[in-house]
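Working notes, structure below.
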Amino acid sequence: MITHDQLLPTVYHLQREGLVGDISVCALNARPLKELASSRMIKQAFPNQTFRAFPDFRKVPLDEKHPDLYKDVLDAMPPRNLVVVAVPDQLHYGVLTEVLRRDQHICCVKPLVLSYEQALEVEKAARDRGLFIGVDYHKRFDDRNLLARQRYRAGEFGDFRLGQARLMEPWYYRQSNFQNWCTCENSDFFTYVGCHYVDLVAFITGLKPVSVSVYGLVDKYPNGNEGYLWTDGRVIWENGGCLNVQNAIAYPDEAPGGNSQGMLLWCQGGDRSGVIEHSDAFRGVKHSYAQASGKLYNEPNPDYFRLVDKGGKGLTPVGYGHRSVEHTLLTAMRIESETAGLGAKAALAARRRMLEEIDAEGIIATPANSSYNELVVEAARMSVTHGGREVTINWGRKPGVRFRTRW
Ligand SMILES: NC(=O)c1ccc[n+]([C@@H]2O[C@H](COP(=O)([O-])OP(=O)(O)OC[C@H]3O[C@@H](n4cnc5c(N)ncnc54)[C@H](O)[C@@H]3O)[C@@H](O)[C@H]2O)c1
């Protein structure tokens, strides 16, 4: 779970720095909370730090479900603190709505929601209340992508023409909780991880996606549930450029590193071509261990999220996964500190102005500056469930026909 691998360590780090107060973590049932609380990795990095668990794993049966308990936890929070939303994709919308109703800023894992109308609704609810929502498209905080964006936008690469991206998750993911929710009726592998590279192409180039087709192969999880576990997506952009994205739970468990991922963008400028090539899995590090409980040969990625010894107590989170969540949390804190002391009306107006600046800057993904992702996801879901047929996006923010098909 991403709460263990990325989110909680960053929040703990900010707590250790004195920037975050009490932390509560809520789950559907107590079992994952017990595992989180007893994680060796987290204990080693943050000795003496704990969270309040809802439901409390010391008191209730580990598999008893508490689907509405998070609302009680939200009710107990003073307004304009921050909630990190990291539930399965199809639950984001309902949870976001409850959180906004209780006046909390939000850090939400991607995808924000699964439909464009929901994204517009969430955007409006947040703006009305002057609340900040940062969507954790953390690849944006990988310096290679910030560098590519800067140089692309300076015109150095020319115009994006053709691109290929892939993100293949490891085979053993089939055994995980994915099998309970990443199933045909809820999601697919393009929606689940392909969205990162769609977001990156938009982030780097500033182009809008205009058409999507996703071919998916249905495969069975160990528990018998079915999912689109192999997908091949094609996204056409407003300048005619075309991105192909392949995703699957396919990376061999025996192979080095955690997954296979990368991006190759071909561009054209005047009478020359330009290329951006990122190897996002193999980052130039090779380890061969004399003793290891896992792989003897490995190619660890030092850039995404690591806990390293930088002196002091415990370990320190580093990497773009950390920087992304940290930046979102610090932004919410900045909004609060810069508007503290103003009257309610003036504070709301000031928060809204700050939100507009953050939207326009376009570095942190927000509902206002990244809801092309919801258009792509919605079109992708239509396409993948219809054998990969093309779905055209009808741009324009007024309600109406969002998508066109020629089927
Ligand atoms: N690279 C990335 O950006 C990335 C990576 C992994 C996951 N994610 C996103 O994070 C989200 C969670 O993924 P995961 O892999 O951690 O899944 P997971 O299944 O491991 O965790 C989901 C958690 O949500 C909890 N939950 C479900 N219903 C709930 C409810 N009603 N109230 C409270 N808690 C509830 C579950 O108990 C579970 O602990 C998904 O949206 C996924 O797309 C993003």
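Would you pick out the residues in the stretch 179-215 that are among the charged types (D, E, K, R) and either within 10 Å of the ligand (Cβ to nearest atom) or in contact (Cβ under 8 Å) with a residue 40 or more places away in the chain (or both)? The answer is ASP188, ASP199, LYS208. Filtered by the rule that a residue be free of Cβ contacts under 8 Å to residues at least 60 places away in the same chain, in a helix (DSSP H, G or I) and more than 16 Å from the ligand (Cβ to nearest atom), the stretch 151-178 gives ARG151, ARG153.
Within the option set LEU62, LEU91, LEU131, being closer than 27 Å to LEU19 by Cα and not aromatic (Phe, Trp, Tyr) holds for one residue only, LEU131.
Within the stretch 74-86, the residues that satisfy the criterion of being surrounded by 15 or more Cβ atoms within 10 Å (Cβ to Cβ) and either more than 14 Å from the ligand (Cβ to nearest atom) or among the acidic types (Asp, Glu) (or both) are MET77, ARG80, ASN81, LEU82. Helices (runs of 4 or more DSSP H) fully within the stretch 289-407 that include at least 3 residues being of a type in the set (Val, Ile, Thr) and buried (at least 17 other Cβ atoms within 10 Å of the Cβ): 320-339, 372-384. It is to be established whether one or more residues within the stretch 279-288 are surrounded by fewer than 15 Cβ atoms within 10 Å (Cβ to Cβ), of a type in the set (Ser, Thr, Tyr), under 30 Å from PRO209 (Cβ atoms) and modelled with pLDDT of 95 or more. There is at least one residue in the stretch 279-288 that is surrounded by fewer than 15 Cβ atoms within 10 Å (Cβ to Cβ), of a type in the set (Ser, Thr, Tyr), under 30 Å from PRO209 (Cβ atoms) and modelled with pLDDT of 95 or more. Does VAL218 satisfy the condition of being touching a Gly at 6+ places or on another chain (Cβ under 8 Å) and not charged (D, E, K, R)? When the stated conditions are applied, VAL218 passes them. Here the stretch 91-150 is the region considered, the condition is being within 14 Å of the ligand (Cβ to nearest atom) and of a type in the set (Val, Ile, Thr), and the residue that is surrounded by the fewest Cβ atoms within 10 Å (Cβ to Cβ) is THR97. The condition of being part of a strand (DSSP E or B), within 20 Å of the chain's Cα centre (by Cα), at pLDDT 95 or above and aliphatic (A, V, I, L, M) holds for only one of ILE249, ILE204, that being ILE249.
The values are calculated or read from the model by the stated rules, or taken from the named source; none is laboratory data. Since the structure is predicted, the reported quantities are computational estimates derived from the model, not experimental observations. Because the Cβ atoms are built from the backbone with ideal geometry, glycine has one as well, and the counts that use them run over all protein chains shown.
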